[in-house]
Amino acid sequence: PPPLADVARELERLGATAYAAAASRRAAALTVEDLRAMRAPDLARLCEDLGFGAEAAAAYGAKFAEHGLDGWVAAEVDDWEDYAEVGLSRDHATVLCCVARAARG
């Protein structure tokens, strides 16, 4: 997919409006280099920053670590179904994909 300039609009289009504001703010401050430098705990903090909640973020952090998912992988994932395979909800996976697209510029 092409780079994503308007995260909020894309999330609204995809039905994940609850996360649009937080995702827009976080994506604006995130570079692809920042994303690629993240490890599983950093990705869990990103999930919490995006409004997924502390419990979900902790669970996702464990899943990221278990499956070897780090920022290099997260920066390249374009399909929410890839995250669903490791246990993320559709909305949360969609948000992470949109943030990564925006970070890639």
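The values are calculated or read from the model by the stated rules, or taken from the named source; none is laboratory data. Small disclaimer: the values here were computed from a predicted structure and weren't measured. Positions of Cβ are backbone-derived with ideal geometry, glycine not excepted, and every protein chain shown enters the neighbour counts. These area figures cover heavy atoms from the full protein model, side chains too; ligands, DNA and RNA do not enter into them. Shrake-Rupley method; radii C 1.70, N 1.55, O 1.52, S 1.80 Å.
Scoring LEU43 on the criteria (1) touching a residue at least 24 places away in the same chain (Cβ under 8 Å); (2) in a helix (DSSP H, G or I); (3) surrounded by fewer than 20 Cβ atoms within 10 Å (Cβ to Cβ) leaves a single failure, condition (3).
Is there a residue being open to solvent by 60 Å² or more (accessible area, probe 1.4 Å), touching a helix residue (DSSP H, G or I) at 6+ places or on another chain (Cβ under 9 Å) and free of Cβ contacts under 8 Å to residues at least 24 places away in the same chain anywhere in the stretch 93-100? No - not one qualifying residue is present in the stretch 93-100. In the stretch 1-40, the qualifying residues are those that are among the small types (Gly, Ala, Ser) and more than 13 Å from VAL95 (Cβ to Cβ), and the one that is most open to solvent (accessible area, probe 1.4 Å) is ALA5. In the stretch 46-105, of all residues being in contact with a Cys (Cβ under 9 Å, 6 or more places away or on another chain) and among the hydroxyl-bearing types (Ser, Thr, Tyr), the one that is modelled with the lowest pLDDT corresponds to TYR83. Being open to solvent by less than 70 Å² (accessible area, probe 1.4 Å), in a loop (DSSP other than H, G, I, E, B) and either touching a residue at least 12 places away in the same chain (Cβ under 8 Å) or out of contact with any Lys or Arg (no Cβ under 6 Å at 6 or more places or on another chain) (or both) is a property that holds for VAL86. When the test is whether a residue is within 23 Å of ASP6 (Cβ to Cβ) and either aliphatic (A, V, I, L, M) or not in a loop (DSSP other than H, G, I, E, B) (or both), VAL77 passes it. Is it the case, given these coordinates, that GLY51 is surrounded by fewer than 17 Cβ atoms within 10 Å (Cβ to Cβ), touching a residue at least 12 places away in the same chain (Cβ under 8 Å) and at positive phi? No.
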